[in-house]
Every structure is written in C-alpha cells, then in structure tokens.
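Inspection log for the structure reproduced underneath, given as structure tokens.
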C-alpha cells in the first residue's frame, strides 16, 4: 500500500509538470505597434489598426481586451501605441501598452519642429490658437481648384479628412505621401465619398499654387472637385488655418520647411484626430475615417 501511494504521488508530480509545461507552451507574446481606432475602458477593450507582424499576422484592424481598464483611459483615436499581444490558450489580450509617435525624425520635420517650438516661445498666443481633440474647429473659407469659395461649415454632417501640401514639394515621403493617403481613403471608401466623406488638401504655397497650377495639382490625383477640394488663399489665410492644427511652414530658398499633419473632423465639426508626421499607413488612416463615418 505504501509503495502504491508513493507511485501515485510520483504520477501526480509528473502530471503536474506536464500540465505546467503545456501551459507554458500555450502562452505566446508578440510585440506589436498600431494606431488606436477606438478605446472603450468600460468594456475593457480597445480597437487598434495594427502593423503587420512578420510570421504572425498581416496588417489589420483588431479588437483587444485588457485586464486593467485604467490603461485605456489616456488612449485616444489616432494615438500610436506599442504593446504586447498575448495569447494564453484560446484567450487573446493586450498588455504593456505604451503611447509612441507618428512623427518623422528626418532632418526637415525635425527642423520644422524646432522652428515651431521657437515660435511658441516668441509668440505664446500661438499655442492658444491650436484646436484640441474634441473641440469645435473654427469655420474658415478658402478657394478650391474649381474657383469655388469653400467653407468648412458647409460639410457639417460629413466626416472631413484634411491634410496640407504643395505641388513643388521635392520629398515623396512628405506632401506626396500624405496626399496619396487621402487618395487611398477615397478609393477604399468610394461609396461613402461625397455623401459621408469629404477630402481637403490645403496648399501651403499659395503664391505658386493658384489658378491653373492648383488645378494641375488636383488633376495629379484625379480629384473630383465634388469630393476632394484643393484649397488656397492668401498666405495669411493659409497660415491661420494651418495654425489651428499646429501645422507650420516657412519659406526657405524657394522651397518650404513644414511640419506634417493629417486631420480628421467629425460630422459635428469637432476635431477627432490630429496625426502628426507620416509614420502611419493609408490603411490606418482609412480605418480611423471609416470608424468615424460608422459611429452612430
């Protein structure tokens, strides 16, 4: 009997070791990065437009649960995050969520950022003119490629995706990339464009991008003027609108040094997202826009 009891205990120990080993093998962790589409602390979950993870998953929009809802409180749509995807058996969740940036650290954006910081010191009122997420965007009026006067307020009831650029921008990763992002949004959401969605590109070189030059700039993207407006005005008007979103530009030897901003405004005219830089994809931008369009 004693020997049988010892054998039984030994068998239990072996079984416990095997179960523990199986549990360890069942846990997988993958470092991930993405753009927050929606955060729902009340439901212990958030939605992320994720970058691809080599050997694990393609780029996609996914919902993740979290064990501690407090980590979701500071998260806002458009915020870039690094996090860990954990799979434990059949359970999948996110942890180690850390905000990061979509900013570009190349020389020109860095120089523009330095000039912006200097301008804030010299003109403290500039910070007060920047619209915060959730605030109403002040109305403005500019002229589009069809020579029509366009007011932001006329798009109330629609989601507005807006960026800045100029036709002579020499770096394809700056103005061209941001405009291409809008083109991809229009292509993916073509059935919503015009009805639920409007695109705006504000030309930050109004001394050149006027009249025929602005029309040619718009034609580069085959922009339908009913859906995608390329806007211009005086330098003062453009600077005023750009300043609402913390976007700045300076003339330098015939070209422009400028920051990079992509804006999403909700149907009520409130600032929903202000993506600074270019370290995000057109798919991630489309996920953000579509989520706003589909919001009840």
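The values are calculated or read from the model by the stated rules, or taken from the named source; none is laboratory data. Quick caveat, the model's predicted, so the values are computed rather than measured. No Cβ is skipped: glycine too gets one built from the backbone with ideal geometry, and neighbour counts run over all protein chains shown.
Data overview
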read-out: Top-ranked residue in segment 222-251 [being assigned to a strand (DSSP E or B) and in contact with a strand residue (DSSP E or B) (Cβ under 6 Å, 6 or more places away or on another chain); ranked as surrounded by the most Cβ atoms within 10 Å (Cβ to Cβ)]; value: 230
read-out: Residue under evaluation residue 256, criteria (1) crowded, with 19+ Cβ neighbours inside 10 Å; (2) closer than 17 Å to residue 175 by Cβ; (3) modelled with pLDDT of 95 or more, criterion not met; value: (3)
read-out: Checklist (1) assigned to a loop (DSSP other than H, G, I, E, B); (2) free of Cβ contacts under 8 Å to residues at least 60 places away in the same chain; (3) in contact with a helix residue (DSSP H, G or I) (Cβ under 8 Å, 6 or more places away or on another chain) applied to residue 190, failing item; value: (3)
read-out: Count of segment 80-102 residues which are loosely packed, with under 15 Cβ neighbours inside 10 Å and either without any contact (Cβ under 8 Å) to a residue 60 or more places away in the chain or in a loop (DSSP other than H, G, I, E, B) (or both); value: 12
read-out: Close pairs from segment 171-186: first assigned by TED's automatic domain parsing to the domain that holds residue 200 and touching a residue at least 40 places away in the same chain (Cβ under 8 Å), partner crowded, with 23+ Cβ neighbours inside 10 Å and part of a helix (DSSP H, G or I), Cβ under 7 Å, at least 6 apart; value: 181/285; 185/285; 185/289
read-out: Yes/no for residue 282 being on the phi < 0 side of the Ramachandran plot, crowded, with 19+ Cβ neighbours inside 10 Å and in contact (Cβ under 8 Å) with a residue 24 or more places away in the chain; value: no
read-out: Verdict on residue 2 being modelled with pLDDT under 95 and surrounded by fewer than 10 Cβ atoms within 10 Å (Cβ to Cβ); value: yes
read-out: Some residue of segment 173-181 being modelled with pLDDT under 95, assigned to a helix (DSSP H, G or I), over 23 Å from the mean Cα position of the chain (by Cα) and surrounded by 13 or more Cβ atoms within 10 Å (Cβ to Cβ); value: no
read-out: Residues of segment 259-276 satisfying the condition of being assigned to a strand (DSSP E or B) and either modelled with pLDDT of 95 or more or more than 12 Å from the chain's Cα centre (by Cα) (or both); value: 261, 262, 263, 264, 265, 270, 271, 272, 273, 274, 275
read-out: Yes/no for residue 204 being crowded, with 22+ Cβ neighbours inside 10 Å, in the same structural domain as residue 274 (by TED's automatic domain parsing) and without any contact (Cβ under 8 Å) to a residue 60 or more places away in the chain; value: yes
read-out: The listed residue being at pLDDT below 90 and either over 16 Å from residue 248 (Cβ atoms) or within 17 Å of the chain's Cα centre (by Cα) (or both), out of 103, 125, 132, 120; value: 103
read-out: Which listed residue, of 224, 209, is in contact (Cβ under 8 Å) with a residue 40 or more places away in the chain and at negative phi; value: 209
